[in-house]
Amino acid sequence: MKYCAAVVVLLALAVFGQSAFAEQVSYRDYKVYSIRVDTVEKHNVLKRWQDVRGVDFWDRAGYRVMIHPSLQEAFERFLNLNTFNYERIIEDVEATIEAERKYDQEYRRRKAASGRATVDFEHFWTNAEVNAYLDELAQTYPNLVRVATIGTTHEGRPIKSITISTNNGVAGSKPVVFIDGGIHAREWAGVMSVLYLIHELVEHSSSYADMLNKDWVIIPVANPDGYEFSHTDNRMWRKNRFPATILCTGIDLNRNWDYLWVFSSNACSDSYAGTTAFSELETQALDRVLKQYGSNIAVYLAVHTYGDMILYPYGHSWPFVPVANQAAHIALGEQARDAITAVGGPRYVVGNSAEILYTANGCSDDYVAGVIGARYAYTLELTGGGRNGFDLPATEIMAVATQTFQIYRTMANNA
């Protein structure tokens, strides 16, 4: 892995310049329940809790739900009355956050003391580290890489894209693989998976001539304000940072796309869709870039965590409306599933998002399939942390990133 001086400087600043974590939102004694949801009826019953303050669905299926201490007795009574099978998998969420934070601080001290100036995947990168790395790649590999600011957030942060092309720029002569990560702020493992993909395609491009038969357009952090906030103030933050009301902040950017968008009145909800479709600067920026490449997009991947799922459109209604080339979506998804299993990864579930999970309106994959006209469009729900917290431990980033790389490679080569 090649020299990246800017990243080392940022690591040192992080060690000595970060504020104390006393002001961070605490999740002391919050518990996480793993719930077996095996029927549509149970999905619908459980979903009644989704917008209750103090309840946080960690995955779209509702299999893992975080509950405020004051609601735990009522929640367990509800689960028992409705004959859900469940298990408490985390007794204190704050303890998992503290462990994650302690590891990160110790890692940064070791890295700064060692003077090693290499990029690695042994910790979760900050927004500043991501941007510094992208800029350095653009300077070091000018014939392969272009980095652009595609928009600016409410708080003034740049939204950066990277294009990777052996044609000295994406000129439209090759099909495009379009990927965005980090649209939900707290999903750090998804961001790291995308960064590892970028690292391999650029710094080891000679090993991936097969993948570079297509051009790549990647936005590794689609929600910079939220991503920053999840690092500095609230580890569980999901939305962007636009002030929705006087009392509530943030829009769920993956409910803000203009495809069968539906208004939701609860501005404090983690899935609040905003006042209108494309109300947010982040989704507007992504839409501009998507329209730039249009139907030349062979495959679109929205990278999320978690759940070990490969999901295809449409997810807006039930019974679900399948994409026109549903059989092809299933076949490619199963190829990707088999590829990651072959290298020791988990066995992903492949299917329609409304069928496997539940309906959701205004999602990016529905929009890209229904409006942009990409040949394939998927949401990837990568491996999560299980009993260790929301995301996997940083010590496992490299293993999961290398496994997930096989999904990207398989889809790029067969789309």
key: Lone qualifier among Val368, Val321 - being open to solvent by less than 10 Å² (accessible area, probe 1.4 Å), of a type in the set (A, V, I, L, M, F, W, C) and within 29 Å of Gly274 (Cβ to Cβ)   = Val368
request  = Taking Ala61 as meeting all but one of (1) under 23 Å from the mean Cα position of the chain (by Cα); (2) more than 14 Å from Phe390 (Cβ to Cβ); (3) in a loop (DSSP other than H, G, I, E, B); (4) modelled with pLDDT of 90 or more, write down the number of the exception.
outcome  = (4)
Ala244 vs. criteria within 19 Å of Asp51 (Cα to Cα), over 14 Å from the mean Cα position of the chain (by Cα) and without any contact (Cβ under 8 Å) to a residue 40 or more places away in the chain = yes
ask   = Does segment 256-266 contain at least one residue that is buried (at least 23 other Cβ atoms within 10 Å of the Cβ) and touching a residue at least 24 places away in the same chain (Cβ under 8 Å)?
value = yes
note = Residue pairs qualifying under the 6 Å Cβ cut-off, at least six apart or on distinct chains, with the first in segment 389-406 being more than 24 Å from Asn234 (Cα to Cα) and the second being in a loop (DSSP other than H, G, I, E, B) and β-branched (Val, Ile, Thr), are Val400/Thr383; Gln403/Val343; Gln406/Val343
ask   = Among Ile251, Ile310, which is under 16 Å from Gly181 (Cβ atoms), surrounded by 22 or more Cβ atoms within 10 Å (Cβ to Cβ) and either out of contact with any strand residue (DSSP E or B) (no Cβ under 8 Å at 6 or more places or on another chain) or not small (Gly, Ala, Ser) (or both)?
value = Ile310
remark   = Pairs returned, first residue in segment 348-361 that is open to solvent by 10 Å² or more (accessible area, probe 1.4 Å), second residue that is assigned to a helix (DSSP H, G or I) and at pLDDT below 95, beta-carbon separation under 7 angstrom, 6 or more apart or interchain, are Val349/Ile356; Tyr358/His43; Tyr358/Lys47
ask   = Can you pull out the residues in segment 277-320 that are of a type in the set (A, V, I, L, M, F, W, C) and at pLDDT below 95?
value = Met309, Trp318, Phe320
ask   = What is the number of the single condition among (1) assigned to a loop (DSSP other than H, G, I, E, B); (2) crowded, with 19+ Cβ neighbours inside 10 Å that Tyr227 does not meet?
value = (1)
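The values are calculated or read from the model by the stated rules, or taken from the named source; none is laboratory data. All values reported here derive from a predicted model rather than from experimental measurement. Note: ideal-geometry Cβ built from the backbone for every residue, glycine included; neighbour counts use all protein chains shown. Just the protein is used for accessible areas: all its heavy atoms, side chains included, with ligands, DNA and RNA removed. Shrake-Rupley method; radii C 1.70, N 1.55, O 1.52, S 1.80 Å.
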